[in-house]
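Contents: one structure, followed by commentary.
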Amino acid sequence: MTFQDLMPLLPLLVLSATIVTVMLVTAFKRNHRLIFSLTLLGLVLSIVALPFASHGLPRSVTPLLVVDQFAIFYMGLVLATSFVVVLLSFNYLEKVEGNKEEYYLLTLLATLGAVVLVISNHFISFFLGLETLSISLYALIAYTRFERHRVEAAIKYLVLAAAASSFLLFGMSLAYLVFGTMQFDQMASLGGLSTVDLGLLTIGLAMLMVGIGFKLALVPFHMWAPDVYQGAPAPVTAFVATVSKGGIFALLIRLFANIPLTVGSNLWNVFALIAILSMVGGNVLAVIQTNVKRILAYSSIAHFGYLLVAFLAVNSLSTSSMTFYLVAYIITSLIAFGVIAVLSDPKKEFEELDDYRGLFRQHRGAAIFMVVALLSLTGLPPTGGLVGKIFLASAGVQSSLWLLLAALAIGSVIGLFYYLRVAITIFRSPEGETPPWSAPPISRFANATLFVLSIGLVVLGIIPNPLMQLIQSMVAHLGG
Amino acid sequence: MTSIPLNQVLILAAMLFTVGLVGLLVRRNVFFMLMSIEVMLNSAGLAFVVAGARWGQPDGQVMFLFIITMAAAEVSIGLALILRLYQQFKTLDVDAASELQG
């Protein structure tokens with residue numbers, strides 16, 4: 001471990017230093033504004049540290065971690081997303097009775113876990129990153145623990161996530177048993193394995209997939225998603241939907257850049273089945289929901305199904321199109337959950353479809369932001385969601401995955417129905433004279449954040465090329 | 001010293017894992033569910049030790065230590081949540097705490 005080894009880890013070190021600082025400051029002086037500012041400062045500094053970390057890449061730092069262009073891009077994505085989530089949490093946290101400061105500590109810890117996932121090149125770092133993320137999330141989901149549903153959601157998540165972790169670990173142990181290494185980039189030698197080893201490896205990878213599928217909430221491992229999305233405080237839901245899933249997806253891409261996944265193999269077929277079930281199942285189940293957070297939960301199940309289409313294409317377009325779609329999806333989710341978060345307070349979440357009646361009259365801005373997000377989720381112009389979906393589909397077309405593409409199309413059509421239902425509800429006038437609930441004023445701060453995100457999403461939809469070129473220059477070399 | 005054959009230990013690990021999984025699915029008391037998860041995690045740890053032994057590397061045992069550490073962290077949060085669950089619902093039955101549906 002030399003100084004040259006430490007430089008690529010600079011963002012990670014800054015983030016860890018922030019965590020320690022926030023913890024110590026909280027111990028001496030509880031001040032919501034101070035801790036909030038420190039958290040934002042720490043996240044900004046870690047983003048600023050990224051360019052300093054990107055000299056002489058790719059670079060392995062110990063066998064556990066590898067920092068390459070792909071990692072730099074995803075670190076930036078995770079850190080920036082976390083920054084926005086923290087920004088949008090402030091007003092919600094102001095209304096929390098009791099301690100507010102630990103929320104930021106836990107969010108930073110979870111972000112650290114996601115960053116470790118993004119740069120991990122070894123089962124141990126994978127596992128440690130994943131658990132740092134998950135264990136912080138258990139506490140975050142139950143954060144305003146005196147409200148109803150929080151504890152229930154947290155216990156459901158804990159039990160299922162821990163079970164998924166054991167599947168993941170057992171899968172890892174079988175893969176280690178076969179390969180004799182836990183380093184991703186040394187696992188490529190599939191040739192020359194005996195039949196027994198090959199069988200063990202298939203079981204192992206299948207169990208790994210149960211674990212990863214659970215974290216990404218893919219059908220049939222999706223049971224937790226709607227309950228946790230609904231039960232968790234709105235800013236935490238935003239975090240689960242974006243940072244947590246984004247980090248794990250980055251890891252999935254890296255893992256299978258090393259373990260070859262050939263079209264038509266057993267493992268590939270299982271993945272394809274999961275993708276189809278997620279696309280169709282997620283969308284169908286969303287139709288019958290009347291709670292917007294649950295709708296978004298099922299929608300996220302479907303969207304990760306869409307992402308798998310490009311993942312399964314295994315061609316030169318896969319990684320860049322998945323990354324683009326993920327960026328667009330994260331921005332979209334941040335807007336949607338951001339609107340929910342700024343309109344909610346810990347005692348009454350702004351989540352029932354009926355609450356949204358007349359939103360356009362009360363909060364023109366928030367209503368428009370929400371509609372932009374819904375358009376992007378549906379995949380309608382002029383948003384990044386449409387362009388992303390085209391990229392995904394073109395990756396699928398190049399590998400002629402017609403069945404998967406058909407599922408994508410069917411899913412999108414069903415999606416049209418329930419996204420637009422929410423959008424229409426926003427424009428309808430409330431029943432009776434008085435609206436069902438008086439929405440709180442939105443701070444200028446949160447409004448500006450949501451405004452910038454919405455503009456970004458629309459710009460992404462109109463001129464996607466700059467981002468796509470950036471992505472192609474940064475993530476294309478992965479595993480090559 | 002005679003070494004224990006690889007496949008026997010693997011079978012033991014698989015059996016432990018199954019026991020844990022069945023326990024998790026069958027028991028409705030949240031304490032027993034946490035304990036079943038412990039069994040599953042430890043069976044994975046056992047499999048890691050076997051895998052390490054096959055290659056003569058310490059990595060498997062290192063991983064086992066990490067698993068124990070993580071299980072401890074998880075249980076500490078789990079127990080805190082169970083306390084809240086009991087105060088809120090006056091029961092440890094997870095089926096009682098099932099209001100989120102739709």
Response to the item:
Over the protein assembly as shown, the sum of -39500 (n - 2.57) across DSSP H runs of at least four, divided by residue number and rounded to 500 deg cm²/dmol, gives at 222 nm -25000 deg cm²/dmol
Response to the item:
For the stretch A:79-126 the GluC sites (Glu not before Pro) that pass both the DSSP coil test and the at-most-11 other-Cβ-within-10 Å test are A:Glu97
Response to the item:
Place a point 7 Å from the Cα of B:Gln87 in the direction of its beta carbon; the residues of the stretch A:147-173 whose amide N falls under 15 Å from it are A:147-152
Item to complete: Would you please name the trypsin sites (Lys or Arg not before Pro) within the stretch A:144-194 that are DSSP coil residues with at most 15 other C-beta atoms within 10 Å of their C-beta?
Response: A:Arg148
Discussion item. Using alpha carbons only, how many angstrom separate the centre of the stretch A:236-266 from the centre of the stretch A:1-48?
Written reply: 27 Å
Discussion item. I'd like the distance between the alpha-carbon centres of the stretch A:299-376 and the stretch B:1-54, rounded to an integer number of Å.
Written reply: 40 Å
Worksheet, complete the sentence: Expected sort for B:4-17, A:212-225, A:45-58 on mean C-beta neighbours within 10 Å, highest first, is A:212-225, A:45-58, B:4-17
Worksheet entry | Evaluated at q = 0.21 Å⁻¹: base-10 log I(q)/I(0), Debye formula over Cα of chain B | -1.06
Discussion item. Check which residues have an amide H placed less than 5 Å from A:Val61's amide H, if you skip close sequence neighbours.
Written reply: A:Val66, A:Val67
Worksheet item: What are the ³J(HN,Hα) values, in whole Hz, obtained from phi via the Karplus relation 6.51 cos²θ - 1.76 cosθ + 1.60 with θ = phi - 60°, for each residue of the stretch B:6-14 in sequence order, with x given for Gly and Pro?
Response: 4, 5, 5, 5, 4, 4, 4, 4, 4
Worksheet item: What is the gain in length, in nm to one decimal, between A:Ile390 and A:Ala206 on full extension, counting 0.36 nm per residue of separation less the C-alpha to C-alpha distance?
Response: 63.3 nm
Worksheet item: Across the stretch A:311-319, in residue order, what do the Karplus-derived ³J(HN,Hα) couplings come to in whole Hz, using 6.51 cos²θ - 1.76 cosθ + 1.60 with θ = phi - 60° and x for Gly and Pro?
Response: 4, 7, 5, 6, 9, 5, 7, 3, 4
Worksheet item: Using the beta-carbon distance between B:Phe32 and A:Asn99 and R0 = 25 Å, what value does 1/(1 + (r/R0)^6) give for FRET efficiency, to the nearest 0.05?
Response: 0.20
Fill in: Shielding of A:148-154 by partner chains, average beta-carbon count, 10 Å
6
Discussion item. Less than 14 Å apart at the alpha-carbon level, and either on another chain or at least 8 residues along: which aspartates and glutamates does that give for A:Lys347?
Written reply: A:Glu94, A:Glu97, A:Glu147
Fill in: Derived scalar couplings ³J(HN,Hα) [the stretch A:28-40; Karplus, 6.51 cos²θ - 1.76 cosθ + 1.60; whole Hz; x for Gly, Pro]
8, 8, 8, 8, 4, 4, 4, 5, 4, 5, 4, 4, 4
Worksheet, complete the sentence: Plugging the Cβ-Cβ distance of A:Asn266 and A:Ile463 into 1/(1 + (r/R0)^6) at R0 = 56 Å yields, to the nearest 0.05, a FRET efficiency of 0.85
Discussion item. Along its three principal axes, how long is the stretch A:84-150 when you only count alpha carbons? Whole Å, largest extent first please.
Written reply: 41, 24, 16
Discussion item. As a test of understanding, state the convex hull volume per residue of chain A from its alpha carbons, in Å³.
Written reply: 131 Å³
Fill in: 0 to 90° range, to nearest 10: angle between helix A:384-398 axis and chain A longest Cα axis
30 degrees
Fill in: Extension reserve of the A:Ala17-A:Asp354 stretch, reckoned as 0.36 nm per residue once the Cα distance is removed
116.9 nm
Worksheet item: If R0 is 45 Å, what FRET efficiency do you get for B:Leu65 and A:Arg364 from their C-beta distance, rounded to 0.05?
Response: 0.20
Discussion item. Taking the 0 to 90 degree range and rounding to the nearest ten, how far is the long axis of helix A:402-427 tilted relative to the main principal axis of chain A, both from C-alpha atoms?
Written reply: 20 degrees
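Each reported figure results from applying straightforward, stated rules to the coordinates on display, with no laboratory input. Note that the coordinates shown come from a computational prediction; the quantities given were computed from them, not determined experimentally. Heads up, the Cβs are rebuilt from the backbone with ideal geometry, glycines too, and the neighbour counts pull from every protein chain shown.
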